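Student: Just dropping this structure here.
The values are calculated or read from the model by the stated rules, or taken from the named source; none is laboratory data. It should be emphasised that the depicted structure is a prediction, and the values quoted were computed from it without experimental measurement. Every residue, glycine among them, receives a Cβ derived from its backbone with ideal geometry; neighbour counts consider all protein chains shown. Surface accessibility is based on the protein's heavy atoms, side chains included, excluding ligands, DNA and RNA. Shrake-Rupley method; radii C 1.70, N 1.55, O 1.52, S 1.80 Å.
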Amino acid sequence: MLTVKTSDLSPAQLQNYLQYAVAPRPICFATTIDKEGNINLSPFSFFNMFSTNPPLCIFSPARRVRDNTTKHTLENILEVKECVINIVNYPMVQQTSLASTEYAKGINEFEKAGFTMLPSQLVKPPRVAEAPVQMECIVTEVIHLGDNPGAGNLILAEIKLIHIKEEILDEEGKIDQAKIDLVARLGGDWYCRVTADNLFKVAKPLTTLGIGIDALPQGVRNSYVLSGNDLGMLGNIEQVPSAEEIDLIRNHPAVKEVLDATIGDAVNRQRELHELAKEMLSRGEVPDALKVVLLES
């Protein structure tokens, strides 16, 4: 394993490691305005939601690594403590990248990138009409993290209004994760796209108390077949099945086939049972999969 001491790296080297490792990162496409009325539009991937009550997002226009200068977004917010956070999806990603070009102060990136300005209702900076979600925010605090190249400036933006395009909503009026077609930043020039075929769910153990991986037999924990994800699903079951429940799984056609084919062959029997359990887990049949791995343990 490569181990590096951050103090031994240049800011550019450190930024490379961090931006490739800490990813994907959502994109804050921020609209700001200075006291003269000059509008700026710029994307930032040092961004996330940090509170629901109050509804608060934080993004960070860091000082430029190459020359330690600050960005127009930060300068604008220090003058006018308002912004709009526009959420970026795939249909607008190339234009968003274009807006990150370091145009001179006073140049409107809406015009350069071909976006449509939409008047906000509560704040001075306009919204990006093409964005699927637009959040009007009041900046409550700016935290400067340093004066060196790469130092961040945390902008705490309290969300006051949220505008959501109806085309990304489901029948219940909630945002459909597949319809919004989000993109996120990775390292270097890399992005990723959240499409329906790469979405998956992991049940949150908020109201349950899983038995834990440590409750599984050693032969299961050290399985050559079951992955950490597989063990995580098994450990999320709330209760170890009874001996009677485990024995009943022998009647499952696939289990019976494995047992009949491996009579007198304990090593292959365990392996094939674990392979069968892995298939069951892939189909969401977690309780039965647990019974299968416990059958010969």
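Student: So what's the angle, to the nearest 10 degrees on a 0 to 90 scale, between helix 286-295 and the longest Cα principal axis of the chain?
Tutor: 40 degrees
Student: Once the whole set of protein chains is in place, how much accessible area is left on Arg250, using a 1.4 Å probe, in Å² to the nearest 10?
Tutor: Counting only protein heavy atoms, the figure is 90 Å².
Student: Same structure again: Of (i) 25, 22, 19; (ii) 41, 23, 16; (iii) 51, 23, 17, which one was derived for semi-axes √(5λ) of the Cα gyration tensor in Å from the structure shown?
Tutor: (iii)
Student: Could you work out how far apart the two model spin labels at Cys192 and Lys35 are, taking each label as a point 7 Å from the Cα in the direction of the beta carbon, and quote it in nm?
Tutor: Output for this residue pair reads 4.3 nm.
Student: Determine the equivalent ellipsoid of region 183-297 by diagonalising the alpha-carbon gyration tensor, then write out the semi-axes as square roots of 5 times the eigenvalues, largest first, rounded to whole Å.
Tutor: Gyration-tensor ellipsoid for region 183-297: 31, 17, 13 Å.
Student: Taking the chain as the reference, fit the longest principal axis to its C-alpha atoms, fit the long axis of helix 266-282 to the helix C-alpha atoms, and give the angle between the two in degrees, 0 to 90, nearest 10.
Tutor: 40 degrees
Student: Put Phe50, Phe59 in order of accessible area, largest first, 1.4 Å probe: what do you get?
Tutor: Order by accessible area, largest first: Phe50, Phe59.
Student: Rank these residues by their accessible area, most exposed first, probe 1.4 Å: Met280, Met1.
Tutor: In descending accessible area the options line up as Met1, Met280.
Student: If you don't mind, another one. Going by accessible area, probe 1.4 Å, with all protein chains left in place, what is the ranking of Asp176, Asp247, Asp230, largest first?
Tutor: Of Asp176, Asp247, Asp230, the descending order of accessible area is Asp247, Asp176, Asp230.
Student: Could you tell me how far the Cα centroid of region 234-264 sits from the Cα centroid of region 68-134, in Å?
Tutor: One Cα centre to the other: 58 Å.
Student: In nm, what is the difference between 0.36 nm times the number of residues separating Ala21 and Ser7 and their Cα-Cα distance?
Tutor: Additional length available on full extension: 3.3 nm.
Student: So how exposed is Cys28, as accessible area in Å² (1.4 Å probe, rounded to 10)?
Tutor: Approximately 0 Å² of Cys28 is accessible to the 1.4 Å probe.
Student: Hey, in the GNM for the chain with a 10 angstrom Cα cutoff, which one of Ser51, Ser227, Ser42 fluctuates hardest?
Tutor: Ser227
Student: Which of the trypsin sites (Lys or Arg not before Pro) found in region 92-181 are loop residues per DSSP with 10 or fewer other Cβ atoms within 10 Å of their Cβ?
Tutor: Values: sites: Lys105, Lys112, Arg127, Lys160, Lys165, Lys174, Lys179; in loops: Lys105, Lys165, Lys174.
Within region 92-181, the qualifying trypsin sites (Lys or Arg not before Pro) (loop, at most 10 other Cβ atoms within 10 Å) are Lys174.
Student: From the gyration tensor of the Cα coordinates in region 1-149, what semi-axes in whole Å does the equivalent ellipsoid have, largest first, with each one equal to sqrt(5λ)?
Tutor: 27, 17, 17
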